[in-house]
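The values are calculated or read from the model by the stated rules, or taken from the named source; none is laboratory data. In this text, all values refer to a predicted model and were calculated from it rather than measured experimentally. Please note: Cβ atoms are built from the backbone with ideal geometry, for glycine as well, and neighbour counts cover all protein chains shown. Surface accessibility is based on the protein's heavy atoms, side chains included, excluding ligands, DNA and RNA. Shrake-Rupley method; radii C 1.70, N 1.55, O 1.52, S 1.80 Å.
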Amino acid sequence: MSATELAVQDVNASLRLAQPKLPRWAPALVGVLAVAAAGLPALLLGWGVVPWLILAGVVFLVALPLWSLAVENRRAAVDRLMTSLVWTTFGIAMIPLIWLIWTVVKNGASVISVEFLTYDMRNIIGPGGGIYHALLGTLLVTGAAALISVPVGLFAAIYLVEYGKGSRLATWVTFLVDVMTGIPSIVAGLFALALFVLIFGPEIRLGFGGSVALSLLMIPVVVRSTEEMLRLVPDDLREASYALGVPKWRTITKVVLPTSLGGIITGVMLAVARVIGETAPLLVVAGKTDSVNLNLFSERMTTLPVYIYYQFTQPGIAPAGTGGEAPGIARAWGAALVLIAIVMVLNLIARIVGKIYAPKKG
Amino acid sequence: MKRTSIRRAVVPGIAVLVLALSGCAAGNDDSGDGSSSSGALSGTLNGGGSSAQESAQGAWRAGFQSANDAVTVNYDPVGSGTGRENFISGAYVFAGSDSALSTDEGELDKATERCGGASPIEVPAYVSPIAVVYNLEGVDSLQLSAPLVAEIFDGKVTTWNDPLIADQNPDADLPDTTITPVHRSDDSGTTSNFTDYLEKAGEGKWTYPHDGVWPIKGGESGDGTSGLVAAVKAGDGTIGYADESQAGDLGVAALKVGSEYNLPTAEGAAKVLAESPRTEGRDPVDMAIDVDRTATDSGAYPLMLTSYLIACQTYDSASDADLVKGYLAYVVSEEGQQAAADQAGSAPLDSKLQQEAAGIVDKIAAK
Amino acid sequence: MSATPSLAPPDGGPQVDPAAARTPRSRGDRAFAGTARAAGIAILVALAGVFVFLTLEGLPGLSQSADTYTPNTSFLSYVAPLLFGTVLAAVLALLLAVPFAFGIALFISHYAPRRLAVPVAYVVDLLAAVPSVVFGLWGARSLAPYLVGAHDWLAAHLGWLPFFEGPASVTGRTVFTAGIVLAIMILPIITAISREIFAQTPRLNEEAALALGATRWAMIRLTVFPYARSGMVSAVMLGLGRALGETMAVAMVLSASPVVTLNLISNTNPATIASNIASSFTEATPAKLHVLIATGLVLFAFTFVVNFAARWIVGRSQRRMAR
């Protein structure tokens, strides 16, 4: 369909073999001119840098396509416009990203030390102490949540795409997974707590309960992203595999999954990133402690976000007379930096693993 | 081939990681060797409730655990309401709460039932003066009366150079900046005490009921003490209310008490609390206090948050009883109160109240 | 066209399953299919559990005494501003984030030189890892003060629009700022998923378009977008889910009040359901807790409706395309 449409459109264009084209340096030239043109009113009216750059961007976005329209043709002008727009969105979006990450690094880097990473908060008054207990808590709770939700999510997505097409169960699962994205995180926590209280009695607080709450939040992201990735695997591949006599489940594990592995890993990492920063559900069901606890199935466990939240909201009091910040603030920034670093490392590992397993593209 | 080798490495790899993790305690924990263990108590004590107490609880935990190596105290800052509920359901052995157990929702009865028919213990443990904070360029000191504070927060007085404000601050050079009152957007004990103060001391200028939720629609607000302080800091001409210890470099208004203007002080708050009457109809072990917001003593500061610790007189298990008794005794001791004052900026209990509380806590026993 | 993903078979007719069409299925096949189905059922059970829990705990919240709903008086008047705020913040976030997210995704998959694309993709993923508490802090402490000027400008120049009526907030802690923070939060989700989907466009289709003389944009419009449509909607829906359910960041950035207003830049802004639960939960009495869970139920129902509508629209447009 697309090809015929194109062909019809292009009949006229293709008759002329040599079209006039803007020189390669045209965007750069327009860019410089736009900045200069915007600088004139900026200087005259005494604007700051930000409005100047905004105006320059607008001038560029208008001028380049217009020039292109004059010299080249309409399609090329649209292409130029879209290319500029894509680059602009990229440029604008990078500002908050870098600003945010820089803020965390600036505030957090000075706190990080061996002591900060290997001490817990037991018996710490005032400054000092560390995040060891919360670090381990985060790894254990999130790890267990991933252990629950990745297999469930993966298999559910496989069911939806490979087995359940059109069945009533699949329709329901699809809908409910969508709805699951709208569970407020605290509700997941309260639900997990109610579940464990029902089984073990009211005193129960355990790290694993946090994992259950988190997996409720993780599963929809895993299912949704995996589902989309599996759908994108061309049917040709499946059919080729079937034609060779490979059973369906081997086809899925050996052809379909490896083909979409990159996307699945991205989805899983997004899901992990989504829940690793949760505060409220963990506080409700996993509680809070100052000491190290490595047993997921008994007693309270602190995670990094809970730690960060309470270091920020209950920072203690600043040393008198110095006007400095309360000791909790610095610890919180440090912990935030560590949390981001953890996810970054996990992401990197997942990508490397994905590279190893992915089929070689020829 | 590469694949299988990786797959083979994964399981032992995880096993090694788990072993490595479980092998090491945190760098500052040396309780494992057993030789230096001090204190007679051991075990884990779980409680929770008021998030306002979290800093103070941190100080108490540290002090108590230092004296008793084998004890771990956990406190979940899940909020007063949840804390009381979890205490009643038996999930918490003790609870922290910004308000005493209420009688009209049957909470007190349920708590009595949970404690085996005996009235639960309630002792004031954390008293924190609430400061009226403001951010106004060029004005370093400000004096306000309770009715005026009520009118400002109600939006009746809208500019800083309003004659009502100028009357009370003859020395200040007040600008014509618009007043932006900032309230807490969350449900909080601080708001509850602040509105209670406005209601009782506001001479009829405050027409809303006292509540943990800010009763007026609209206006600037912040989430939690930190959010409110950040909002007050962010604008010019803002005014809000927050724990005095978190006021930082913001301006703090002196409130009119009797014929003088008093800044928030720990002593002033402790003094008012000591003079205030008890809530009527409570058991002697229940120290619920109706704070006298209209106190007129010299140096008194009637705007404060009083947070209680709730426990039972008797526990089924001897270890629970010993731990609660030990921990609460430390909390209400002079040492514990001073630790909270240093770490969380709270007001230590007046010695009379402190001794009464210590006497009550001393009665905790196993069945 | 056979490769175009379809969410539901157009007419619900029987699909020819190539594996099922051939001879008896092996034991491995049955076990695998059983596991997959079990996972689907497990999700159903978990959700049914959550739903039962929500309903049991939430229903009593519909009819509490009037003072539970302070400063409103009934459940409806309590939840209406919250729902409005939720929608407003989420719509604002989507309006801001979606063009940028697709722009960046295209940039990574089709425009940027490979040396730039890989690190950019990585940085965007990194942003997904920033905990919402940190977003909240950054939004309230760094971004909001910076945007005060923009608020003033909007109030002065676009004040005739109801959205920018003013008076401009002096702290910048408005739904406008919250929308920007939310947009930045959901940007990585939408970008990451749509980037993977754009990259999956069959090479042959793309090259065919280029060979016919299409410009790069025409190629993207004609081959990439139709192929990725369902995935793009999924990505947006996941982003919306996060925007609707976000708690801490909104609670920390927003100066909230229980009112309905379209004004984006004043200091009176409606809170969102999720952020209201987070900030009211800690000091809630049991009665109030029921009310909060009931608002959670409303959010749940709302998400249901939105997703239902989105699926329906996608299904319709696909059917039209298939015709």
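Structural remarks
- Total residues in the stretch C:226-262, condition at the interface with another protein chain (Cβ under 7 Å from one of its Cβ atoms) and among the aliphatic types (A, V, I, L, M): 8
- Only one of A:PRO220, A:PRO234, A:PRO247, A:PRO258 that is in contact (Cβ under 8 Å) with a residue 24 or more places away in the chain and surrounded by fewer than 24 Cβ atoms within 10 Å (Cβ to Cβ): A:PRO258
- When each of B:TYR308, B:TYR327, B:TYR301 is tested for being within 19 Å of B:VAL73 (Cα to Cα) and not in a helix (DSSP H, G or I), the lone residue that passes is B:TYR308.
- Of the strands (runs of 3 or more DSSP E) lying entirely inside the stretch B:184-291, the ones with 3 or more residues being within 10 Å of chain C (Cβ to nearest Cβ) and either more than 25 Å from C:SER169 (Cα to Cα) or at pLDDT below 90 (or both) are found at B:220-222.
- Qualifying positions in the stretch A:67-89 - open to solvent by less than 30 Å² (accessible area, probe 1.4 Å) and over 13 Å from C:LEU106 (Cβ atoms): A:SER68, A:GLU72, A:ALA76, A:ALA77
- Unmet criterion (only one of (1) within 14 Å of chain A (Cβ to nearest Cβ); (2) under 22 Å from C:THR295 (Cα atoms); (3) free of Cβ contacts under 8 Å to residues at least 24 places away in the same chain) for C:ASP67: (1)
This table checks each residue for (1) at pLDDT 85 or above; (2) within 8 Å of chain A (Cβ to nearest Cβ); (3) in contact with a Gly (Cβ under 6 Å, 6 or more places away or on another chain); (4) not in a helix (DSSP H, G or I).
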residue: C:GLY139; (1), (2), (3), (4): yes, no, no, no
residue: C:GLY159; (1), (2), (3), (4): no, no, yes, yes
residue: C:SER169; (1), (2), (3), (4): no, no, no, yes
residue: C:ILE186; (1), (2), (3), (4): yes, no, yes, no
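- Annotation for the stretch C:272-285: no member residue is surrounded by fewer than 16 Cβ atoms within 10 Å (Cβ to Cβ), over 14 Å from A:THR181 (Cα atoms) and modelled with pLDDT of 75 or more.
- Test for B:SER35: is it in a loop (DSSP other than H, G, I, E, B), at pLDDT 80 or above and either buried (at least 22 other Cβ atoms within 10 Å of the Cβ) or assigned by TED's automatic domain parsing to the domain that holds B:ASP320 (or both): no
- Restricting the stretch A:34-51 to residues that are closer than 14 Å to C:ALA150 by Cα and open to solvent by 60 Å² or more (accessible area, probe 1.4 Å) leaves a set whose member that is farthest from the chain's Cα centre (by Cα) is A:TRP47.
- Scanning the stretch A:195-211 for residues that are in contact with a helix residue (DSSP H, G or I) (Cβ under 6 Å, 6 or more places away or on another chain) and either without any contact (Cβ under 8 Å) to a residue 60 or more places away in the chain or surrounded by 24 or more Cβ atoms within 10 Å (Cβ to Cβ) (or both) gives A:PRO202, A:ILE204, A:GLY207, A:GLY209, A:GLY210, A:SER211.
- Of everything in the stretch A:225-241 that is among the acidic types (Asp, Glu) and under 26 Å from the mean Cα position of the chain (by Cα), the residue that is farthest from the other protein chains (Cβ to nearest Cβ) is A:GLU227.
- Number of the condition not met by B:LEU164 [criteria: (1) assigned to a loop (DSSP other than H, G, I, E, B); (2) open to solvent by 20 Å² or more (accessible area, probe 1.4 Å); (3) farther than 21 Å from B:VAL229 by Cα]: (1)
- Exclusive hit being at positive phi, among the small types (Gly, Ala, Ser) and in contact (Cβ under 8 Å) with a residue 60 or more places away in the chain, set B:GLY258, B:GLY268, B:GLY281: B:GLY281
- When the stretch B:69-92 is filtered for residues that are crowded, with 22+ Cβ neighbours inside 10 Å and either aromatic (Phe, Trp, Tyr) or in a loop (DSSP other than H, G, I, E, B) (or both), the ones remaining, listed by number, are B:TYR75, B:PRO77, B:VAL78, B:GLY79, B:PHE87, B:ALA91, B:TYR92.
- Inside the stretch C:217-271, residues that are modelled with pLDDT of 85 or more, among the hydroxyl-bearing types (Ser, Thr, Tyr) and within 24 Å of C:ILE293 (Cβ to Cβ) make up a count of 0.
- Considered as a group, the residues in the stretch B:238-256 that are among the polar types (S, T, N, Q) and within 20 Å of the chain's Cα centre (by Cα) include one that is least open to solvent (accessible area, probe 1.4 Å), and that residue is B:SER245.
- Within the stretch B:167-179, being open to solvent by less than 70 Å² (accessible area, probe 1.4 Å) and more than 25 Å from B:GLU260 (Cβ to Cβ) holds for B:PRO175, B:THR177.
- With respect to the conditions (1) facing another protein chain (nearest Cβ under 8 Å); (2) in contact with an Asp or Glu (Cβ under 9 Å, 6 or more places away or on another chain); (3) open to solvent by less than 10 Å² (accessible area, probe 1.4 Å); (4) not in a helix (DSSP H, G or I), C:ILE265 falls short on a single one, namely (1).
- Residue list for the stretch B:104-122, filter: open to solvent by 10 Å² or more (accessible area, probe 1.4 Å), in a loop (DSSP other than H, G, I, E, B) and touching a helix residue (DSSP H, G or I) at 6+ places or on another chain (Cβ under 8 Å): B:GLU105, B:ALA118, B:SER119
- Residues located in the stretch B:158-195, provided they are under 16 Å from B:GLY218 (Cβ atoms) and over 30 Å from the mean Cα position of the chain (by Cα): B:THR158, B:THR178
- Test for A:ILE183: is it farther than 30 Å from B:GLY47 by Cβ and crowded, with 21+ Cβ neighbours inside 10 Å: no
- Among residues of the stretch B:339-355 being open to solvent by 30 Å² or more (accessible area, probe 1.4 Å) and more than 12 Å from every other protein chain (Cβ to nearest Cβ), the one that is nearest to B:MET304 (Cα to Cα) is B:PRO348.
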